[in-house]
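Worksheet for the structure shown next.
The values are calculated or read from the model by the stated rules, or taken from the named source; none is laboratory data. Remember, predicted model here, so these are calculated numbers, not experimental data. Here Cβ is always computed from backbone atoms with ideal geometry, including for glycine, and neighbour counts include all displayed protein chains.
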Amino acid sequence: MYDSLVLLLHRLALLSDLSAFKSAWPWRRERERAAPTSPPPPLAPAPPFRRGDLLEVPRTLFEHFGIYLGEDRVAHLVPDILPALTGERALTAVTNTRLVLGCVYRSASVRVDTVADFAYGAPVRVNTMDHRLSGARAMDGDEVVRRAERRVGRVDYSLLWNNCEHFVTSCRYGTPVSLQTDQFCRGVKAVVRDQRTVLLSLLLGLTSVSFFGLSPATLFPTVFISFMLWMAG
C-alpha cells in the first residue's frame, strides 16, 4: 500500500513538470503573444452642451449653478472677497478663505471659467430646473447668454436673496428664484414653530445664567429669545 502511494505521487510530480515544460515551449509563447487582446472600453463622450444651457453640479452642502456660454465657457456667480479689495476682476481659482470672506462681506463676482474648472470633478447635470420649476419657460439660448454676459464682473451677494441659483434662473427664465433658499426657509420655519425649540432656548438661557450669574447680559436674551420663539410658534 505504501509503495503504491509513493508511485502515484511520483507520477503526479512528473505530470506537473511536463505541464510546466509545455508552457515554456517557444511555439506556445509565440501563440500566446499573437493572441488578440480585447480593446479598452471607449471613453464616454462629453455631453453636448448648448448655448444657454443651465448647468448644475453638486457641492458638499449645496448645488452650484452656471450658464453655458459656448466654446467650453461657463458663467457662474461665486462669492469672492478679492474683487472688493482690488477693484479688479479675479481670474484665479477662488479659495475657501476668499469664498467665506466673500459671503461675510456680501461680495461676489460673475466669472467665466471652463466647464472643468466650474465642475471641479463633479458630474454636471443639464437643465434640471426646467422640470423642477413649475410654469418655468426657458428663453432662447442666445438671449440667455447675452443676459449672463452682461452681468460678468463684481456683484453684491446674499446667501438668501442673490446667490448663484438666483443668477441662473434670472438669466434663463427671467425671474430670480432659488429652490435651495426656499427649502432652507421652510426648514427654519419648521424649527421655529416647534415648541421644543422654546424649551431648548430656555434651558440654554438658564444654563448660561447658572454659569455666568444673573445679569442683564444673560437674563435678557433668555427671556426675549424664548418669548419670541413662543410667539412665533
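Summary table below
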read-out	value
Residue tally, condition part of a helix (DSSP H, G or I), surrounded by 15 or more Cβ atoms within 10 Å (Cβ to Cβ) and among the aliphatic types (A, V, I, L, M), over segment 100-120	3
Condition check for Arg193: in contact with a Gly (Cβ under 9 Å, 6 or more places away or on another chain), within 30 Å of Asp142 (Cα to Cα) and of a type in the set (D, E, K, R)	no
Considering residues of segment 187-220 that are part of a helix (DSSP H, G or I) and of a type in the set (Gly, Ala, Ser) only, the residue farthest from Leu160 (Cα to Cα)	Ser210
Segment 172-182, subset in a helix (DSSP H, G or I) and within 21 Å of the chain's Cα centre (by Cα), residue farthest from Arg111 (Cα to Cα)	Asp182
Odd one out for Gly141, checked against (1) in contact (Cβ under 8 Å) with a residue 40 or more places away in the chain; (2) loosely packed, with under 12 Cβ neighbours inside 10 Å	(2)
Residues that are closer than 19 Å to Phe118 by Cα and either part of a loop (DSSP other than H, G, I, E, B) or of a type in the set (Ser, Thr, Tyr) (or both), drawn from segment 149-158	Arg151, Val152, Tyr157
Unmet criterion (only one of (1) surrounded by 12 or more Cβ atoms within 10 Å (Cβ to Cβ); (2) not β-branched (Val, Ile, Thr); (3) not assigned by TED's automatic domain parsing to the domain that holds Val74) for Phe212	(1)
Filter result (surrounded by fewer than 21 Cβ atoms within 10 Å (Cβ to Cβ) and hydroxyl-bearing (Ser, Thr, Tyr)) within segment 144-168	Ser158
Residue match in segment 171-180 (condition: in contact with a Ser or Thr (Cβ under 8 Å, 6 or more places away or on another chain), of a type outside the set (A, V, I, L, M), in contact (Cβ under 8 Å) with a residue 60 or more places away in the chain and in the same structural domain as Leu85 (by TED's automatic domain parsing))	no
From Ala46, Ala34, residue being modelled with pLDDT under 65, loosely packed, with under 10 Cβ neighbours inside 10 Å and touching a helix residue (DSSP H, G or I) at 6+ places or on another chain (Cβ under 9 Å)	Ala46
Subset tally (residues that are touching a residue at least 12 places away in the same chain (Cβ under 8 Å) and basic (Lys, Arg)) for segment 191-214	1
Residue list for segment 121-138, restricted to those being in a loop (DSSP other than H, G, I, E, B) and either of a type outside the set (Gly, Ala, Ser) or outside the structural domain of Ala84 (by TED's automatic domain parsing) (or both)	Pro123, Val124, Asn127, Thr128, Leu133, Arg137
